[in-house]
Every structure is written in structure tokens, then in C-alpha cells.
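The values are calculated or read from the model by the stated rules, or taken from the named source; none is laboratory data. Only a predicted model underlies this, so the values are computations on that prediction, with no experimental measurement involved. Cβ coordinates were reconstructed from backbone atoms using ideal geometry, including for glycine residues, and neighbour counts include every protein chain displayed. SASA here: full protein model, heavy atoms, side chains in, ligands and nucleic acids out. Shrake-Rupley method; radii C 1.70, N 1.55, O 1.52, S 1.80 Å.
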Amino acid sequence: MDQQSPRTAGSLDPADWNEFLAVAHRAMDDAVRRIGSLRDEPVWRPMPEGVRQSFQSPLPTDPQPLADIYREVMEDVIPHAMGNVHPRFWGWYMGAGDLTGALADFLAGVDGSNLGGGDTAAALVDRQVTDWIRQMMGFPDGASAALVSGGSGANLIGLAAARNAKAGVDLREYGLEAMPQSLAFYASDQVHNCHDKAMNLLGLGHRALRRVQTGPDFRIEIDALRQQVTADRRAGIRPACVIATAGTTNTGSVDDLTAIADFCRDEGLWLHIDGCIGALLAISPKGAALVRGLDRADSLALDLHKWLHAPFDVGCILIRDRGLHLSTFSEDAEFLVRSERGLAAGEFLYNYTLETTRGFRALKIWMMLKHHGVARFGALIDRNLDQARMLGLMVASDPALELLAPVATSVVCFRYNPGGIEEADLNALNRELLLRLQETGVAAPSGTTVRDRYALRAAFCNHRTEMRDLDMLVAAVREIGATLRDEMTLGQTVMT
Ligand SMILES: *Cc1c(COP(=O)(O)O)cnc(C)c1O
């Protein structure tokens, strides 16, 4: 096709459609092949300085051929990804991706549906997906739901609804100053830091979030919770909401949801459950019992880019009382009035979230659930639970390794500790061990601190992990650990 064709000169569409297709086909072939041969690649590789520098290039003013840009992506960007798609990535907590979901993201992007509103099939897909999620979580018919960017956004929405419901004043109309009493929220000392962010953004401040101590199982102590609530009431503060965690980030522990739900019912408190990690245990045959009580929440935040492995980013908030959800987020606008017929006849979905415009995240969940079936996801979660339990047993039976927290779900916190090393040195040794392990590319756990002890933390949220991968992890930890111990004895290692 003629480059100067008036048909294309004025738009962003390809000047040469065949050239575009050739690059697009190659990108698809490369991507599928790459995912098929991940196991032979390092999980992660340190980035050469030259690659780092390549991202300092000047603002492009003139067009460049797509094939050249694709080459750059393949040389500089793709090889230096996070690695979470790799079978031996167990860092932090995130899903391992899925080609069906990625294909959906491509399709959603091409046709550009804006889920803010409109009478579109995309909006109906969104409503169907959120209803499926509601069913997966055992929430009642009529509860409301919205897909958001992830768990942080989902938690913020749930806590905003809790705040407005318990403020004792029409907060949307009159603001925080009109509140008769200040509010208090409660969570365990293991709560995710996105709740601190939420407390800040909601105008309540970090201190309004009471951190209640956890026991040796890293679950909130109900007696301590009760004492704190009582003390706050006596001090003229209004207890508003308990944030229970179903799957803490640090150790994977699950708060006693049934006991907390009973407590909230008796005390008239809102129950918000942060289920970013563990809510999806509800669809797993072995895990469902661990999250009994999940369906009693007033609001529940979960993450589909964790145990459902949807490409980033997508989370979900469920709120039992649809009216309260809408009264927290819906606002009128003269340019957004629903019509009887035509494009504006659909429900305005922006009334459920912070965003007005939002992308068609629902398509990936819709296609993934149809393609794999929910039972398959449940079985994969079961396998991750087995893997965590197995690694826990391997660690417990190895004299050079030490488990630092009970394995409650899918997270294993442990360290290299062959005996005879001081506590402070153990922290330094394990910190260095983790860095070397990541640099070898063999496996990528992350690190954390459990009750002041530095831990290697393997979180199993990965549908590609096999049992033999655990053997590789343990062997590598033992080997690097022994090297470090020897270096330390000789005073060679400078550890920070
Ligand atoms: C991951 C996580 C979050 C935050 O979710 P994002 O999707 O990363 O925003 C919140 N709470 C818990 C318990 C988590 O594990």
C-alpha cells in the first residue's frame, strides 16, 4: 500500500497493513513459544548497564518502523521482566499469567470498550463476571461488585463504604468535620500496608487503624480485639470496622473469620475481609474450609491477578449492601444521564468505583473462566497448598534449614540455619543468600522479616510449579548457604 495514501496519512492505522500483520504474527509466535519453554530460562537476570541506559533515549519525534521497535522490546524489555510467569517464581504474591487472559487483553484493547457505561456487550460481560465472582465467594444474590485495578483499590472501596456506613452522619454530603465521634478501624498486626494508605486517603489517618496483636499462628487474637474495642468505646471513639485478613502477605495465615464475624455482629461493626490472597481458597476443594465465614463479610476484596492468574491488573470488591455501595460512589452529572434507548441505555458502571473511564478487564476473566473452568482453578490452588505443605516438611526435616512460621496456606517462611551462627549473623547471611539465589536465576522467593528474624519467603501462587522445582530450591539454598557460612567463618563476606 502507498505510504502517502490519503486513506491512512491522517490516522494512526498502519501505513502498510501487511507489515503490521507480519510483526503482530511474529510477536504472537514468539510469545507463545517463550511461555512454552520458560523452564529452561533463568527466573530473573540482573540488568546490564547498557540495557538500563537504553531507557534514557530522547523523546521520539519521528516515526520508526514497528519491526525495529519490536526488536528493541525483545532485546531490552522482555529478558528483564519480573519473572512471575516462571515455574520457580515465588516472590511476594502474584499470579503466573495466562495466555488466554493475555489474548483477551489484546482483544479488549483493540476494540477499546470503555466500561464506564453504555449499552454494550462489554458491560454485560462485566456484570456477568462480577456475578460469577459473587457466586464463587458465596455472597448473596443482590450483593454488588466491581472490577478494579487490584487489591489496594478494592480494599479502599470497601473501607470507604464502611466509613460512610458507620460515620453517624451523611458523610458524602457533609464531610468528616460533621462526624459526631471519630472512627476506629481494627486489623491484625499482619495487615497489608494498603490499608494504611486507605486510612490516609479516607481522611481518618493511620492511627485510626488499630493493630491488634496476633498469636503464634499469626491470626488476630479475638480477646485483644475485644479489649481494644471496649477501650475505644470508653474513650468516646466510635468503633466502625474490623478488617480481617484471609491470607496474610507475610505468612499466609487466615484470621478466624467466623469468630470475627460473630464479634462484628454482636458489636454492630462492619466486617471487611481482605481476601486478596486467600479469598479464592473458596473455590479450592482443600482450601475452602480454611476460609469458612468469608461469605459473612459486609465487604470483601479479592485479587484476580493473584490466584486466578489473570494478567495484571484486576481485582474485585464485593459489597453486601448494594445501596451502601452506590451511595458511597454514585454521583450525578448532566452529561451522564441514562436514556431509554440508544448507546446510553446501559447501567453506568462508574457508579461503583473511583474511575469514570475504565478498561474492559472483565473480558480476560470471562474468557479464562470459560476456557479453563472454575474447577481447574480450584485444583491448581490445591496443588499450591500441597507444594507449600511439602516445602514446609522438607525444611522441617532438614537440619540446615529452619521454618520461621507455621505453613497455614501457601506461604513458607524459612531460613538457612545449620546451627552455631549468631542471630544477627543469621539475618545478614540469609539476606545475602536471597540476593545470590535470585542472581543465579534458579529460583525467586522474596524476603521478609518474621518476628524480627529475616526469612526467605516462598509464596506458591503459580500454576507452573512442579514438585521437582522444590528440590531445586532446597538444593540451591543449602549450597549458597554453605558457601556463605564458609565465607563468613573466613571473614570474607561483606554483608549488609
Ligand atoms: C496483594 C495484597 C494486597 C494488595 O493488592 P494489589 O493487587 O497488589 O493492589 C492487599 N492485601 C493483601 C493481603 C495482599 O496480599
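Can you give the direction-averaged projected area of the convex hull of the alpha-carbon atoms in the stretch 389-445, in nm²? Don't skip to the end; give the middle numbers.
Numbers: hull surface 16.5 nm².
With every direction weighted equally, the projected area is 4.1 nm².
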- prompt: Taking one equal scatterer on every alpha-carbon of the stretch 18-86, how large is log10 of I(q)/I(0) by Debye at q = 0.16, 0.29 1/Å?
  reply: -0.70, -1.29
- prompt: What Kirkwood hydrodynamic radius do you get for the stretch 417-496 when you take the inverse of the mean 1/r over all pairs of distinct Cα atoms, in Å?
  reply: 13.3 Å
field: Calculated diffusion of the stretch 209-294, Stokes-Einstein form, Kirkwood radius summed over Cα pairs, 4 °C and 1.567 mPa s, µm²/s
entry: 97 µm²/s
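With both bridge residues required to lie in the chain, what share of the DSSP beta bridges run antiparallel, to the nearest 5%? Don't jump to the answer; show the numbers that get you there.
Values: 24 of 44 bridges.
About 55 percent, rounded to the nearest 5.
When each pair of different Cα atoms in the chain is counted once in the 1/r mean, what is the Kirkwood radius in angstroms, to one decimal?
Working: mean 1/r = 0.0401 Å⁻¹.
Answer for the chain: a Kirkwood hydrodynamic radius of 24.9 Å.
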message: Nearest 500 deg cm²/dmol is fine: what mean residue ellipticity at 222 nm does the chain get from its DSSP H runs of n ≥ 4 alone, each adding -39,500 (n - 2.57), divided by its residue count?
response: -12500 deg cm²/dmol
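Share of Cα-Cα pairs in the stretch 107-208 beyond 22 Å, in percent? Walk me through the numbers before you get to the answer.
Working: 2490 of 5151 pairs.
The calculated P(r) of the stretch 107-208 puts 48 percent of pairs beyond 22 Å.
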Where a label projected 7 Å from the Cα of LEU336 along Cα→Cβ would reach, residues of the stretch 101-126 with amide N under 11 Å: 115-118
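Please list HIS80, HIS192 from largest to smallest accessible area, probe radius 1.4 Å, with all protein chains kept in place.
Solvent-accessible surface, decreasing: HIS192, HIS80.
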task: Please work out how much accessible surface SER37 shows to a 1.4 Å probe, ignoring ligands, DNA and RNA, in Å² rounded to 10.
output: 50 Å²
- line: Log entry: pair-distance distribution for the stretch 152-217, C-alpha pairs binned every 10 Å from zero, whole % per bin is 20, 52, 23, 5, 1
message: What is the distance in Å between the Cα centroid of the stretch 370-449 and that of the stretch 81-113?
response: 23 Å
message: As a test question: what accessible area, to the nearest 10 Å², does ARG431 have when a 1.4 Å probe is rolled over all protein chains in place?
response: 100 Å²
message: What are the membrane-span-like helices in the chain by this rule: whole DSSP H runs, Cα extent along the axis at least 24 Å, mean Kyte-Doolittle hydropathy at least -1.0?
response: 17-36, 374-396, 423-440, 467-489
message: Ordering HIS371, HIS463 by accessible area with a probe of 1.4 Å, largest first, what comes out?
response: HIS371, HIS463
message: Can you tell me which lysines have their Cα less than 19 Å from the Cα of LYS306? Leave out same-chain residues fewer than eight positions away.
response: LYS286, LYS364, LYS370
statement: Probe 1.4 Å, all chains present, heavy atoms only: ARG163 accessible area in Å², nearest 10, is 40 Å²
field: Part-to-part distance (alpha-carbon centres) for the stretch 223-280 and the stretch 126-185, which is given in Å
entry: 16 Å
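Determine, from the Cβ-Cβ distance of ASP425 and PHE20 and an R0 of 51 Å, the FRET efficiency 1/(1 + (r/R0)^6), rounded to the nearest 0.05. Intermediate values should be presented prior to the final figure.
Numbers: r = 58 Å, r/R0 = 1.13.
Efficiency computed from Cβ-Cβ geometry: 0.30.
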query: Points 7 angstrom from Cα along the Cβ direction at ALA259 and VAL169: gap in nanometres?
result: 3.6 nm
- line: Of every Cα-Cα pair in the stretch 449-496, the percentage lying beyond 16 Å is 59 percent
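The stretch 274-369: which chymotrypsin sites (Phe, Trp or Tyr not before Pro) are DSSP loop and have at most 10 other beta-carbon atoms within 10 angstrom? Each step should come with its number before you reach the end.
Working: sites: TRP307, PHE312, PHE329, PHE335, PHE348, TYR350, TYR352, PHE360, TRP366; in loops: TRP307, PHE312, PHE335, PHE348, PHE360.
Sparse-neighbourhood loop chymotrypsin sites (Phe, Trp or Tyr not before Pro): PHE335.
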